[in-house]
Structure formats: structure tokens, C-alpha cells
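Below: the structure, in C-alpha cells.
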Amino acid sequence: MRIGELARRAGVSTRALRYYEQQGLIRSRRSANGYREYDESDVRLVTEIRALMAVGFTLEDARPFVDCLRSGHPSGGSCPESVAVYQRKLAEIDDRIRDLLARRAEVAAQLTSACPGCLVTRRGES
């Protein structure tokens, strides 16, 4: 399939596909007229990349997942290298949550100090 069809089927721009190719995440062949040609399996690779990016992974994070799919595994997350990326990402998220909770506590303390009668609530609470 040509780049436009892959873009349409995977829900990305042709520019994104060219970038993924430049980064070595997907590969195309060139037809006689110079057009990029992709395999059906590239739809799955691009879908995996997009799903990972949607939850905060980088393109470099996606590389082991793509390699896992290329090696024939049914899931990009079923290889040890992918599991390691999942674990690292969870640790990063946990660190950010701890940081945000500490910041929230500091801001709440500043509010309480500045406005002793003000009620500190979480969004959505009354």
C-alpha cells in the first residue's frame, strides 16, 4: 500500500509516517516510480506507536514494542525489552505523582496560611 493509504488506515499524517521511517520505526520499499510502499503489517506497527504515544511514551520508548511485533509476537508488549519500558514508564509516572502531591500539599498549606478560613478541597468536591 502507498503512504496515503497507510496514513488513512492508521489515522496519522503522511508527515508522521515519513518521520517514523526516518527514525527507523517503520520501513518502506520504493516502487519503480519512487513511491513509498508499505506492508499490511505496517498498519499494526503504526497503530502500536500511536497507542503508546497517546499514553505518554516517546518514539524511542516505542522502539522495543515495534521490534517485538516485527519478531512475530502477537503483542508489542510481550517481549522483555518492552516490559522493561513499561516498568520504567510506571516508575516515572509514580515519581511525577509524588512530585505533584508534594506541590499540591505546599500550595494547600500556602492557601491555609494566607486564608485561614478558606476550605481546601479537591476538584469535584464540595
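Throughout, read-outs are computed from the coordinates displayed, never taken from laboratory work. Note that the coordinates shown come from a computational prediction; the quantities given were computed from them, not determined experimentally. No Cβ is skipped: glycine too gets one built from the backbone with ideal geometry, and neighbour counts run over all protein chains shown.
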Exercise. Tell me what the chain gives for mean residue ellipticity at 222 nm when only DSSP H runs of n ≥ 4 count, each as -39,500 (n - 2.57), the sum divided by the residue total, rounded to 500 deg cm²/dmol.
Key: -20500 deg cm²/dmol
Quiz item: Can you give the FRET efficiency for residue 108 and residue 84, using 1/(1 + (r/R0)^6), R0 = 35 Å, r = Cβ-Cβ distance, to the nearest 0.05?
Solution: 0.45
Quiz item: Label-point separation (nm) for residue 59 and residue 121, each offset 7 Å from Cα along Cα-to-Cβ?
Solution: 4.5
Quiz prompt | Förster-model FRET efficiency, 25 Å R0, residue 19 and residue 71, C-beta, rounded to 0.05 | solution = 0.60
Practice problem: Please find the FRET efficiency linking residue 93 to residue 50, where r is the Cβ-Cβ separation and R0 is fixed at 22 Å, and quote it to the nearest 0.05. | Solution: 0.70
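If each residue of separation counts as 0.36 nm, what is the full-extension length gain between residue 33 and residue 2 once their alpha-carbon separation is subtracted? Provide the component values of the computation, followed by the final result.
Working: separation 31, 0.36 × 31 = 11.16 nm, distance 1.17 nm.
Extra length available between residue 33 and residue 2 comes to 10.0 nm.
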Quiz item: How high is the relative contact order of the range 10-93, in percent, counting Cα pairs under 8 Å that sit 6 or more residues apart?
Solution: 17
Quiz item: Which of the listed residues, 26, 117, 59, is farthest toward the dipole's positive end in the chain, when Lys, Arg count +1 and Asp, Glu count -1 at the beta-carbon?
Solution: 26
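Per residue and in Å³, how big is the convex hull formed by the alpha-carbon atoms of the chain? Write out the running numbers ahead of the final one.
Numbers: hull volume 18.3 nm³, N = 126.
Considering the Cα atoms of the chain, their hull volume per residue is 145 Å³.
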Exercise. Measure nothing but the geometry: give the 0 to 90° angle between the long axis through the Cα atoms of 41-54 and the longest principal axis through the Cα atoms of the chain, rounded to 10°.
Key: 10
